[in-house]
Amino acid sequence: MTNATLLIVNCGSSSLKFALFDTTKGEFVADGIAQALGSKSANFSSNNAALDGHAETKQNVDIPHADHAQALSLCLKSLNETFDLEQSLVGVGHRVVHGGESFNSSIVINANVRKEIEKCSPLAPLHNPANLLGITLLEKRYPHLPQVAVFDTAYHQTMPQQAYRYAIPEKLYTELGVRRYGFHGTSHRYVAMATANSLAKPQTETSLICAHLGNGASVCAIANGESIDTSMGMTPLEGLVMGTRSGDIDPGVLPYLNNHGYSIDRIDKTLNKESGLLGLSNESNDMRTLTKLAENGHEGARLAIDVFCFRLAKYIAAMLVSIPNLDALVFTGGIGENSAHVRRQTSSHLKHLGFDLDTNANLENGDATQGVINTPSSRYKIMIIATDEERMIAQDTLNLITN
Ligand code: AMP
């Protein structure tokens, strides 16, 4: 008998990421990505795990000027070479970036849900239309399969007003929806669950500060399992220093730049694509590269890491305000899981607040393993927990389609 599978799709403006989840095995059996869609350098790569009678297969092909529809066809064709999708596929889970105030949890997609996602598009003009395109393409291909939307913002809908409102005229909130929504919710939720499991506590009694540090980065205060504050705002630009995003900046800089000939589009591009680690170092947005450069005396790389860690420590300290019963500070994401240097430098700013890192444990845990990395005398636990957003999307999809 064929095992039931779920297709997990993350459709971006010029990319389509996918993964196939085997619900019986409880694991992913294939994944892949089509990137630079619409351009000359469009490329498709995939990896199907070995299955009874099939060897592991990898593909990497250039698909110049292919669009999302062509990429999806290629994705399904490549999956079908190993897995009989017609027989096995029971549902599709989509990552959707912005659910505004309309969605506080994942949901099975129907016409109303699509309309609401469309309504949220002005809040995420690059992402939501691409997410909707993915939904439309899959609906055309598999009209009878249930599809589920899992929102980056939904987990943060439990934040109280004091955390999500900006101190600006009320009508900007009521008429235009200007407020903090927060992102990375699927990752923060997964980490909250995994941390509770690791501490052998119920999730509803586990409180943590989760630092998701990847190319995008955000901190989330999680009290008794629920998000009560986060560093990203109305858009994923606010908060921490990121790969190419500035994070927090005095809003007064915007009119200043505008008065100096920078158009709004140029400012937007500068803050989203040319700032952060890249802007500070003038070299790279990649923490691994910067760490090596800094070790070799590159001043810009060192400064970029210094600002990254200091801003992060400030945010962690600020999140402590919301959580009197903190169990752990948790590092996750590509940088959080892998950079012993960033964890050490960030923790050094926080030692007097009760976060005492065990430098040996920190190094031992440097290679994407998990565990506790504080000293026995530390007031708070410090942990590394590997995130797994795709698994969370698969779990939500399975729960919703089986209920
Ligand atoms: P993500 O967006 O979660 O894939 O994370 C990407 C970031 O993680 C990039 O800045 C990488 O340089 C960083 N990263 C991955 N592995 C390491 C490592 N071993 N040391 C430092 N940074 C790393």
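The values are calculated or read from the model by the stated rules, or taken from the named source; none is laboratory data. These figures come from a predicted structure and were not determined experimentally. All Cβ positions, even for glycine, are placed from backbone atoms using ideal geometry, and neighbour counts span all protein chains on display. The protein model used for the area step is the full one, side chains on, heavy atoms only, and it has no ligands, DNA or RNA in it. Shrake-Rupley method; radii C 1.70, N 1.55, O 1.52, S 1.80 Å.
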Computed for the range 12-154: size of charge dipole around the Cα centre, +1 on C-beta of each Lys and Arg, -1 on C-beta of each Asp and Glu, debye to nearest 20, value 380 debye
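For the peptides 267-273, 330-336, what is the packing order when you average, over each peptide's residues, the other Cβ atoms within 10 Å and list the highest mean first? Before the final figure, lay out each step's value.
Working: 267-273: 15.9, 330-336: 24.9.
Result, highest mean Cβ count within 10 Å first: 330-336, 267-273.
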Ranking A130, L85, S102 by how far each Cα lies towards the positive end of the charge dipole of the range 64-148 (+1 on Lys and Arg Cβ, -1 on Asp and Glu Cβ), the top one is S102
Heavy-atom accessible area of the range 199-335 with neighbours in place, 1.4 angstrom probe: carbon+sulfur share in percent works out to 53 percent
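Solvent-accessible area per residue for the range 196-332 at a 1.4 Å probe radius, Å²? Before the final figure, lay out each step's value.
On the way: 6240 Å² over 137 residues.
Heavy-atom SASA per residue in the range 196-332 reads 46 Å².
With a Förster radius of 25 Å, plug the Cβ-Cβ distance of T375 and E205 into 1/(1 + (r/R0)^6) and report the FRET value to the nearest 0.05.
Working: r = 24 Å, r/R0 = 0.97.
The pair T375/E205 has a calculated efficiency of 0.55.
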Percent relative contact order for the chain, counting Cα pairs under 8 Å at least six residues apart, stands at 13 percent
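Compute the Rg to Rh ratio over the range 1-149 from the alpha carbon atoms, using the Kirkwood formula for Rh, and round to two decimal places. Working shown, then result.
Numbers: Rg = 15.4 Å, Rh = 15.8 Å.
Result: Rg/Rh = 0.98.
Computed FRET efficiency, Cβ-Cβ of N80 and N258, R0 45 Å: what is it to the nearest 0.05? Write down the numbers at each step before the final one.
Values: r = 52 Å, r/R0 = 1.15.
After rounding to 0.05, the efficiency reads 0.30.
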The alpha-carbon center of the range 159-182 and that of the range 95-133 are separated, in whole Å, by 19 Å
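Where the eigenvalues come from the Cα gyration tensor of the chain, what are the semi-axes √(5λ) of the equivalent ellipsoid, largest first, in whole Å? The partial results should precede the final answer.
Working: eigenvalues 221, 133, 108 Å².
In descending order, the three semi-axes are 33, 26, 23 Å.
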Over the chain, the sum of -39500 (n - 2.57) across DSSP H runs of at least four, divided by residue number and rounded to 500 deg cm²/dmol, gives at 222 nm -11500 deg cm²/dmol
Listed by chain and number, the aspartates and glutamates with an alpha carbon less than 20 angstrom from that of K140, same-chain partners under 8 positions apart left out, are D67, D84, E86, E116, E118
Connecting every pair of Cα atoms under 10 Å apart in the chain and solving the GNM, the largest mean-square fluctuation among P64, P122, P169 falls on P169
Residue by residue through the range 133-149, the couplings from Karplus 6.51 cos²θ - 1.76 cosθ + 1.60 with θ = phi - 60°, in Hz, x for Gly and Pro, are 4, x, 4, 4, 5, 5, 5, 5, 6, 10, x, 9, 8, x, 10, 10, 9
Restricting to Cα pairs under 8 Å and 6 or more apart, the percent relative contact order of the range 228-366 works out to 19 percent
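Take the alpha carbon gyration tensor of the range 336-386, find the square roots of its eigenvalues, order them as a ≥ b ≥ c, and report rounded if a/c is under 1.5; if not, report prolate when a/b exceeds b/c, else oblate.
It comes out prolate by the Cα gyration axes.
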In debye to the nearest 20, the charge dipole size for the chain, taken about the Cα centre with +1 at each Lys and Arg Cβ and -1 at each Asp and Glu Cβ, equals 600 debye
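Does the range 125-272 come out rounded, prolate or oblate, given a ≥ b ≥ c as the square roots of the eigenvalues of its C-alpha gyration tensor, rounded meaning a/c under 1.5 and, failing that, prolate meaning a/b above b/c? Don't jump to the answer; show the numbers that get you there.
Numbers: a/c = 1.88, a/b = 1.24, b/c = 1.51.
Cα axes put the range 125-272 in the oblate bin.
Among K25/K115; K115/K273; K273/K314; K119/K171, which pairs are too far apart, with a Cα-Cα distance over 25 Å? Don't jump to the answer; show the numbers that get you there.
On the way: K25/K115 35 Å; K115/K273 30 Å; K273/K314 23 Å; K119/K171 18 Å.
Checking Cα-Cα distances, K25/K115; K115/K273 exceed 25 Å.
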